[in-house]
Amino acid sequence: MNSKYLVHKKNVLKTIYEKGKISRKKLHEFLDIRFATITEIVKELIREGIIEEVEREKNKNGGRPHSLLSIIPDSRFFIGCELTPYNIISVILDFNGKIVEKVKLDINLNAEKEELQKNIFEVLNNLILKSKVEKNKIYGIGFVDPGIVDIEKGISLFSSIMPQWKEVPIKQYLEKKLSVETFVIGSSQAKVLSEKFFGKGKKCRNFIFVEYGDGISCGVISDDKVIHGVGGVAGEFGHIKIIGRDEICKCGKNGCLESIASIPGILNKIRIATGIMSDIDLILEKYKSDDLKIKKIIDEVLEIFTISISNLINLFNPEMIIFDRNFQIFKDFFDLIFEKIKSNMVYNYAVKFEISDFGEEIGAIGGACLSLSKFLKLDI
Ligand SMILES: [Zn+2]
């Protein structure tokens, strides 16, 4: 098989995936590949059980109707598995992003790496068994790491939050234990991939997903590609420094955005200033009722957070910012927040603000998207 043919095959499959349904004729016109080659590739993809003829489209010239080709949703499956400081979440998806099965296990973040590896293997093994998907239909596993990774070698290098999780050749380990090809990705990069494949960023070539909750982070899609960085941790937005602040951050440094504006960061500040130990919903209720001490703290946090988002926008010029679903807690203040962000944008354009529809599986789904992108040989 010559390499040109393989490139054509890759482009045909990718185009069928992106278009949903398409005829051989349109593939020929769209890709500018010889019709005979298209026919041959389509035949091969049908034989491999990846695509099928789904319906017929009228021929405008009155000739025979054209068959439309589509990917068979359950012809291949893709696994994603995220290790977080609290748990391991794994999912198996079909081509349409449908979650066929999910397995979650709570963990101890200080556990030894051997134990964590074993936990990850057990979660994945369990997932495969429960899903009842035939092993030969599983294309790959996308492992989502909480720290710095070597994407090429598939090694988890270091995590500031999980002290024992370092120098783990996770790709090699999982491939040996499960005989499924494994890929490794950082957490923010995985999350933005979920939005790109199956979320609000589907049609967008430039957007940012802002993770918000216990931590703050972001994943960037720029010109349709994920920005990974050297250690797979581009987008450590939560650890940008805020001048004049000395809050201690989980990363061991001081004055990080996350230590000020994450939910635990806010609650901590309220506790120190007022002695109130409460959840964020109640604090925001008090903010609405103009509790002066709380108002001062929240206003300051919002000021710092919105300026930081404006900086992100100024840096990347995205079409859209998708906020984590947890950001919904601020829904009563969205107008104010978005106005504040816009007021510090260097160039005032119609950037869109959205809230993600994904829940806790967003990282794991992103891992599965990585595996899907490898199958389609997408350059992401
Ligand atoms: Zn930090």
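Bear in mind these aren't lab numbers, they're just calculated from the coordinates by the rules spelled out. From a predicted model like this one, the values you see are computed outputs, not experimental measurements. With ideal geometry, Cβ positions are generated from the backbone for all residues, glycine too; neighbour counts draw on all protein chains shown.
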task = Please identify which residues in the stretch 273-317 have an amide N closer than 14 Å to a label point set 7 Å out from the Cα of Arg245, following the Cα→Cβ vector.
result = 297-312
request  = Return one quarter of the surface area of the convex hull spanned by the alpha-carbon atoms of the chain, equal to its mean projected area, in nm².
outcome  = 22.0 nm²
query = Along the three principal axes, how long is the stretch 144-249 when you take its alpha carbons, biggest first, rounded to the nearest angstrom?
reply = 48, 38, 23
note = Applied in sequence order to the stretch 132-144, the curve 6.51 cos²θ - 1.76 cosθ + 1.60 (Karplus, θ = phi - 60°) yields integer Hz couplings, x standing for Gly and Pro, of 6, 7, 5, 4, 6, 9, 8, 7, x, 10, x, 8, 9
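What does the charge count near Val91 come to, summing +1 for each Lys or Arg and -1 for each Asp or Glu among other residues with Cβ under 13 Å from its Cβ?
On the way: positive: Lys98, Lys102, Lys104, Lys130; negative: Glu82, Asp94, Glu101, Glu360, Glu361.
Net charge around Val91: -1.
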inquiry  = Of all beta bridges DSSP finds with both residues in the stretch 200-355, what is the antiparallel percent, to the nearest 5?
reply    = 55 percent
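With Cβ to Cβ distances under 11 Å as the rule, what net charge do the other residues near Gly215 carry (K, R +1; D, E -1)? Walk me through the numbers before you get to the answer.
Details: positive: Lys250; negative: Glu211, Asp214, Glu236, Glu258, Asp324.
Spelling it out: positives minus negatives among the neighbours equals -4.
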key: On Cα atoms only, tilt of 113-131 relative to the major axis of the chain in degrees   = 50 degrees
key: Built amide H within the under 5 Å cut-off of Ile72, gap 5+   = Ile51, Glu52
query = Among the lysines, which fall within straight-line cross-link reach of Lys296, defined as a Cα-Cα distance under 24 Å, with same-chain neighbours fewer than 8 residues apart omitted?
reply = Lys241, Lys269, Lys286, Lys288, Lys331, Lys340, Lys342
ask   = At a Förster distance of 56 Å, what's the computed FRET efficiency of Lys176 paired with Ala273, Cβ-Cβ distance as r, to 0.05?
value = 0.60
remark   = The long-range amide H neighbours of Lys352, using H built 1.01 Å from N in the peptide plane and a cut-off of under 5 Å, are Met320, Ile321
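If each DSSP helix of 4+ residues adds -39,500 (n - 2.57) and the sum is divided by the residues in the chain, what number results at 222 nm, nearest 500 deg cm²/dmol?
Numbers: 12 runs with 153 residues, N = 380.
After summing the helix terms and dividing by the residues of the chain, the value is -12500 deg cm²/dmol.
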query = Using the Karplus equation 6.51 cos²θ - 1.76 cosθ + 1.60 (θ = phi - 60°), what ³J(HN,Hα) coupling, rounded to whole Hz, does each residue of the stretch 251-256 give in order, writing x for Gly and Pro?
reply = 6, x, 9, 10, x, 7
Virtual paramagnetic centre 7 Å along Cα→Cβ of Glu285, amide N under 16 Å, in the stretch 330-345 = 330-332
note = Rounded to the nearest 5, the percent of antiparallel DSSP beta bridges in the chain equals 65 percent
request  = Could you give the size of the charge dipole of the chain about its Cα centre, using +1 on the Cβ of each K and R and -1 on the Cβ of each D and E, expressed in debye and rounded to the nearest 20?
outcome  = 1500 debye
remark   = Scaled by the rule-of-thumb 2.2 N^0.38 Å, the alpha carbon Rg for the stretch 175-331 gives a ratio of 1.16
inquiry  = Please give me the summed charge of the neighbours of Pro163: other residues whose Cβ is under 15 Å from its Cβ, Lys and Arg +1, Asp and Glu -1.
reply    = -2
request  = Quick one: check the C-alpha center-to-center distance for the stretch 168-186 versus the stretch 285-319, whole angstrom.
outcome  = 40 Å
query = What is the Cα centroid distance between the stretch 1-44 and the stretch 338-380, reported in whole angstrom?
reply = 29 Å
query = Quick one: if you stick a label point 7 Å off each Cα along the C-beta vector at Met345 and Lys166, how many nm between them?
reply = 4.2 nm
task = Step through the residues of the stretch 257-272 one at a time and calculate ³J(HN,Hα) from phi using the Karplus curve (6.51 cos²θ - 1.76 cosθ + 1.60, θ = phi - 60°), rounding each to whole Hz and writing x for Gly and Pro.
result = 3, 4, 6, 9, 10, 6, 4, x, x, 5, 4, 4, 5, 5, 4, 5
ask   = Once the Cα atoms of helix 334-343 and of the chain are each reduced to a long axis, what angle between those two axes, in degrees from 0 to 90 to the nearest 10, is obtained?
value = 90 degrees
remark   = For Glu57, the residues 5 or more places away or on another chain with a placed amide H closer than 5 Å to its own amide H are His66, Ser67, Leu68
note = Filtered hits (aspartates and glutamates, Cα-Cα < 19 Å from Lys130, offset >= 8 within chain) -> Asp74, Glu82, Asp94, Glu101, Asp106, Glu122, Glu361
request  = Starting from the Cα of Lys374, draw a straight line to each of the lysines and keep only those under 16 Å, dropping any in the same chain fewer than 8 residues away.
outcome  = Lys9, Lys10, Lys14, Lys137, Lys153, Lys171, Lys196, Lys225
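Take each of the peptides 126-135, 179-188, average the number of other beta-carbon atoms within 10 Å over its residues, and list them starting from the highest.
Details: 126-135: 14.9, 179-188: 22.4.
Packing order, densest peptide first, comes out as 179-188, 126-135.
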